[in-house]
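Chemist: The structure under discussion is supplied below as structure tokens; questions concerning it will follow.
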2 protein chains.
Amino acid sequence: MSPQDIRMSGFQSRSTVDEALAWLDGAVQEIPQQVEEISLELSHGRTLAERVVSQIDVPGFDRSAMDGYAVIADETTGASDYNPIRLQVVGDSMPSNGYSGEIRSGQAVRTMTGAPIPRGASAVVPAEYTEVVDDNVLISLTVGQFKHIGRTGEDIQIGGTVVDAGRILRPQDVAVIASIGQAKVTVRKQPFVRVIITGNELVRPGEQKRPHQIYEANSSLLSGTIPRDGGILESVRFIEDSESAIRNALLEPGADVILVSGGSSVGAEDFAPGLVARLGELPIHGVAMRPSSPTGLGRIGNAIVVLLPGNPVSCLCAYDFFAGRAIRQLAGRSKSWPFRTIELPLGRKIASAIGRTDYCRVRVEAGKAIPLAISGASILSSTTRADGFVIVPAASEGLPAETPVTVLLYSELFMTN
Amino acid sequence: MSPQDIRMSGFQSRSTVDEALAWLDGAVQEIPQQVEEISLELSHGRTLAERVVSQIDVPGFDRSAMDGYAVIADETTGASDYNPIRLQVVGDSMPSNGYSGEIRSGQAVRTMTGAPIPRGASAVVPAEYTEVVDDNVLISLTVGQFKHIGRTGEDIQIGGTVVDAGRILRPQDVAVIASIGQAKVTVRKQPFVRVIITGNELVRPGEQKRPHQIYEANSSLLSGTIPRDGGILESVRFIEDSESAIRNALLEPGADVILVSGGSSVGAEDFAPGLVARLGELPIHGVAMRPSSPTGLGRIGNAIVVLLPGNPVSCLCAYDFFAGRAIRQLAGRSKSWPFRTIELPLGRKIASAIGRTDYCRVRVEAGKAIPLAISGASILSSTTRADGFVIVPAASEGLPAETPVTVLLYSELFMTN
């Protein structure tokens, strides 16, 4: 056994969660940021890498904000239901086909929403306040200068910044970029995330299993969390517990982040920690947290490697604390938790230990955060019964009932009814 | 002109937002719910249509929760660092390959996390508290009955409900379904949403535009909001302002929801309202709200039709109020807003009118909701500068500064840094 080999002898010492996060954030920072130019229509949810500046005014011309009649504003003074004024309709202005002439005193042009305002006109009277009589229109509303006219550049001016770099593009951000005529945007690349699933005892769902086999669940978990955090699932590799198979899966190029599920600890068949240490570095192995203490963090070349415990709850916890954070940062997102939070009093005490960070699943019931009684690392069903989790920091021995706590609610978009 | 034709004469009367929502929810309710069986790996974010019941116990056998040594718990009584007890190691239990014999007094079996507990053993001592000496192991920890043993069925029991119908599947929900061996799930079908973009003045981003043309932005907006709400974009159809072209796009089968952008109002080229009324029904046309008053709601056969104003802000507002709500319900989601809310005092007054519902974009600054000054329906950039919006209900004349309001924050996942 090499000096680094701790198999079957236990972790000598564990890093704190803060130490682990500090190493991880530093390692992510050292990876050069990568950008790509993509079609605007594919950019929803992507992180803008360069600010978008408009080359045009929007609108590009004074245009009508209503269906109605373009008029000389002053000529409507005093117009009302009881005292309509009569104007001669001299033509139409349609959105794609403006009125070519100029309005003179006593004239109006029928105009549609979005149509150019004819020369000479200075306001639009909405259709509701008009009545057509032969070639004339009766106007029953007094309108002021520029009423119902969208002025050139009032939305966006030439040279103005439309969306700043760093924005995670929302539907309306994409729309505003479309409105200045830009069909492509430069965004941060999404990291490719490889998932390596180890464990000879595992069987895929849908297959027959023998008595001591178990169904593999972590790839199902990670295939949901990785895209949520802005990563692309490069591949899921189901690999036998053999050093050479794991080595090949770690070394194959094409991944920015490699997640290894299972075999992360100090068991006799836990090959991954030693491999990562030899092929690159594994500065963090064993973290003072519950669950997920056998987590490992390292890198091979420019690929961040996270060793996730095989127990599903530990896997989720270690993913949330470390892997998701790395993926979000590589995608140009915030490293902070992607969950909505609420402040609630604890419904029951949580026991913890000084020096250890706890990830405690809770239900939200009657305005309180209720820790789930069954909280073993293997109890995956606890995460489906949970509405979220509470983090008990390393400095705390535990939290008495009624303590106000911050609950991180699992995934915002996937709301239940 | 038919009696229903209100082109260039203005809306006779407008429905309230509540009336429009009541009709819409009723129409959606009448559409038969559709379900489909899909692969588990494709089910993230989908709505479960049938509860999932386990056919197996998880774990299916008593298993070790630690790497260490399976022992007879009673035999460790009094064991400590200063007083280790010595047991004979008689074999290994690996996750996929258990120990076939039975432990007798004075014996231990080296066991890995997840491995079956050998017959006769009643606890596991973690590797950290052991030391191997030849064929023996020194145990320096007293463990109680069943310590570090995951009991059969402690996670999930045969016949137990794993996830209830109606759940929008989160990553851990998918994982727990995998853990019971199920490879398929029955979920609500996602509605197919057709987007029809009308307007002869529109040019696609990336193309050259003539002076009075404008770049089309609403399809970019809707291609982001529709998937967010659980719909599938069936197609985007850019159609000239001609009655026959719009008619064909409305009648072609394949859409559960049809969104028509532009031509929804009372302009001379607004063909869509009359067409929908003739081909099906258009009970709501004109809603007492700002922006988006020219919104229309109707149906053709089983397809819900929403007429969205062409102005981008109106389009977003009408989508959010009506179209998104219909899509979410058809996808089996909640009809409520998909946005996170916060309560904040208003930084400046909002003017409104009794009888009219307002959708007012706000920025969140220094703990206040600041209404954006430029709030015309055509000012798309206001939505990108906004963090969210405030709804001023029909019963209100407006809200003075410092009024506590509920801010609906645009899209949770697309957080800015």
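Chemist: May I ask for the distance between the Cα centers of segment A:277-332 and segment B:213-228, given as a whole number of Å?
Modeler: 38 Å
Chemist: Could you work out how far the C-alpha centroid of segment A:394-409 sits from that of segment B:81-155, in angstrom?
Modeler: Segment A:394-409 and segment B:81-155 have Cα centres separated by 34 Å.
Chemist: Provide the percentage of antiparallel DSSP beta bridges, counting only those with both residues in segment B:153-298; round to the nearest 5. Before the final figure, lay out each step's value.
Modeler: Working: 2 of 16 bridges.
Bridges in segment B:153-298 that DSSP calls antiparallel: roughly 10 percent.
Chemist: Whats the longest run of chain A with zero trypsin sites (Lys or Arg not before Pro) that are DSSP loop and have at most 13 other Cβ atoms within 10 Å?
Modeler: Longest gap between qualifying sites, sites excluded: A:105-348.
Chemist: A further question on this structure: What are the label-to-label distances in nm, one decimal and shortest first, from B:Arg119 to the same spot in the other copies, with labels 7 Å along Cα to Cβ?
Modeler: Listed shortest first, these distances are 10.3 nm.
Chemist: Total Å² of accessible surface buried at the A-B contact, 1.4 Å probe, nearest 100?
Modeler: 7600 Å²
Chemist: Moving on to the next point. Using Cα pairs under 8 angstrom and six or more residues apart, how large is the relative contact order of chain B, in percent?
Modeler: Once normalised by length, the contact order is 16 percent.
Chemist: Taking each residue in A:55-68, count the Cβ atoms of any other chain within 10 Å of its Cβ, then average. What number comes out?
Modeler: Values: counts 0, 3, 0, 8, 3, 7, 4, 0, 4, 1, 4, 6, 10, 4.
Mean shielding count: 4.
Chemist: Give me the percent of accessible area attributable to carbon and sulfur for segment A:340-409, probe 1.4 angstrom.
Modeler: Details: 1740 of 2970 Å².
Reported share for carbon and sulfur atoms: 59 percent.
Chemist: Along Cα→Cβ, 7 Å out, is where each label goes; now give me the distance between the ones at A:Ile158 and A:Gln33 in nm to one decimal.
Modeler: Taking the two extended label points, one gets 3.0 nm.
Chemist: When the solvent-accessible surface of protein heavy atoms is calculated with a 1.4 angstrom probe, in what order do A:Glu75, B:Glu37, A:Glu216, B:Glu243 fall, highest first?
Modeler: Output order, biggest surface exposure first: B:Glu37, B:Glu243, A:Glu75, A:Glu216.
Chemist: Also, quick follow-up: Could you please state how large a percent of the accessible area of segment B:201-297 is carbon and sulfur, counting protein chains only and using a 1.4 Å probe?
Modeler: On the way: 1650 of 3500 Å².
Of the solvent-accessible surface of segment B:201-297, carbon and sulfur hold 47 percent.
Chemist: Label B:Arg151 and A:Ala351 with points 7 Å out from Cα along Cα→Cβ: what is the distance between them in nm?
Modeler: The two pseudo-label positions are separated by 1.7 nm.
Chemist: Which distances, in nm and shortest first, link the A:Val53 label point to the same label point in every other copy, taking 7 Å along Cα→Cβ?
Modeler: Label point to label point, same position, other copies: 6.5 nm.
Chemist: Looking at chain A, do any whole DSSP H helices span at least 30 angstrom along their long axis by alpha carbon and average 0.5 or above on Kyte-Doolittle, and which?
Modeler: Helices passing the filter in chain A: none found.
Chemist: Along Cα→Cβ, 7 Å out, is where each label goes; now give me the distance between the ones at B:Glu343 and A:Glu19 in nm to one decimal.
Modeler: 4.4 nm
Chemist: Let me ask you something else. Measuring with a 1.4 Å probe in the full set of protein chains, what accessible area per residue, in whole Å², belongs to chain A?
Modeler: Ligands and nucleic acids excluded, the result is 40 Å² per residue.
Chemist: Defining the label point at 7 Å along Cα→Cβ, can you sort the distances from A:Ser244 to the same site in each other copy, shortest first, in nm?
Modeler: Those separations, rounded to one decimal, come out as 7.1 nm.
The values are calculated or read from the model by the stated rules, or taken from the named source; none is laboratory data. Every value quoted in this text rests on a predicted model; they were computed, and no experiment measured them. Don't worry about glycine lacking a Cβ; one is built from the backbone with ideal geometry, like all the others, and counts go over all protein chains shown. With ligands, DNA and RNA removed, areas are computed over all heavy atoms of the protein, side chains included. Shrake-Rupley method; radii C 1.70, N 1.55, O 1.52, S 1.80 Å.
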